[in-house]
Amino acid sequence: MKKLTMIITMFVFYFNGFSQCNTKTTHRPDGVTMEYFNPQPVIRATNYEVGVSIYKNKTSGDLLLNLSVLFKSMTPKKLSGKTIIQINGDEGIKLPLVLTDLIKMNGRDLALGLFLIDEKSYEILKSKDLKSIFFYLNGELIGSTVTEGRSLLKKQLECLKI
């Protein structure tokens, strides 16, 4: 009986680990196929919340960071410039903005941005936890210490098995 309980417990933990790897795939009309994770919150501030996730352009092989800013009591602004990510340790990275937009989702204002992850940044993100994220909204530097999901990007990159 103990052996059966141990096997069931291992089975549950095994499949719970894969539940974090639920990606979605979109085949766009322009022929591009994107595999991505839904953004998860990493910063909850008084005026805004920030969610991040990894996107992989399966057509080109590019890796992208999705940064979503939910405006609570701030005037909505578009993302601009690079995003700055500090990870645990001494290293930090800057990712260039590829695409940005302002949208309404469920009646709330949201700024979306996709930032290109180069090979060096990938190596850092796949092995380190997040410490802080800073970004520009219409040229104004905003950001904060990551308050939750510090290992989120590391886990998502591991799931993609790049």
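The values are calculated or read from the model by the stated rules, or taken from the named source; none is laboratory data. Here the structure is a predicted model, which is why all the values come from computation and not from measurement. Note that each Cβ is placed from the backbone with ideal geometry, even for glycine, and that neighbours are counted across all protein chains shown. All accessible areas refer to the heavy atoms of the entire protein, side chains included, with ligands and DNA or RNA removed. Shrake-Rupley method; radii C 1.70, N 1.55, O 1.52, S 1.80 Å.
Cut-off under 19 Å on the C-alpha distance; same-chain residues fewer than 8 positions from LYS128 excluded. Which aspartates and glutamates are left, in chain and number order?
Leaving aside aspartates and glutamates fewer than 8 places away in the same chain, those within reach of LYS128 are ASP90, GLU91, ASP118, GLU119, GLU148, GLU158.
Using modelled backbone amide H atoms (1.01 Å from N, in-plane), which distant-in-sequence or interchain residues come within less than 5 Å of ASP109's amide H?
Hits under the 5 Å cutoff: PHE71.
Quick check: residue separation of THR33 and ASP90 times 0.36 nm, minus the Cα distance between them. What number comes out in nm?
Full extension from THR33 to ASP90 adds 17.0 nm.
If you take every residue apart from VAL32 with its C-beta less than 15 Å away from the C-beta of VAL32, what net charge results, scoring Lys and Arg +1 and Asp and Glu -1?
+1
Could you point to the label whose value was computed as Rg and Dmax of the Cα atoms in Å for the structure here, given (1) 17.4, 63; (2) 15.6, 46; (3) 16.9, 56?
Read-out taken from this structure: (1).
Measure of size requested: the Rg and Dmax of region 70-110, with Cα atoms as the atom set and Å as the unit; please supply both.
In Å, with Rg to one decimal and Dmax whole: 13.5, 40.
What residues qualify as long-range amide H neighbours of VAL98, i.e. H under 5 Å apart, gap of 5 or more or another chain, H built at 1.01 Å from N?
LEU114, PHE115, LEU116
Near LYS77, which aspartates and glutamates are there with a Cα under 16 Å away, not counting those fewer than 8 places off in the same chain?
Candidates past the 8-residue exclusion: GLU49, ASP101, ASP109, GLU140.
Roll a 1.4 Å probe over the protein heavy atoms and report the accessible area of LYS104 in Å², nearest 10.
Per-residue accessible area (LYS104): approximately 140 Å².
So for region 62-104, averaging the separation of alpha carbon pairs under 8 Å that are six or more residues apart and normalising by length, what relative contact order in percent results?
So the answer I get is 34 percent.
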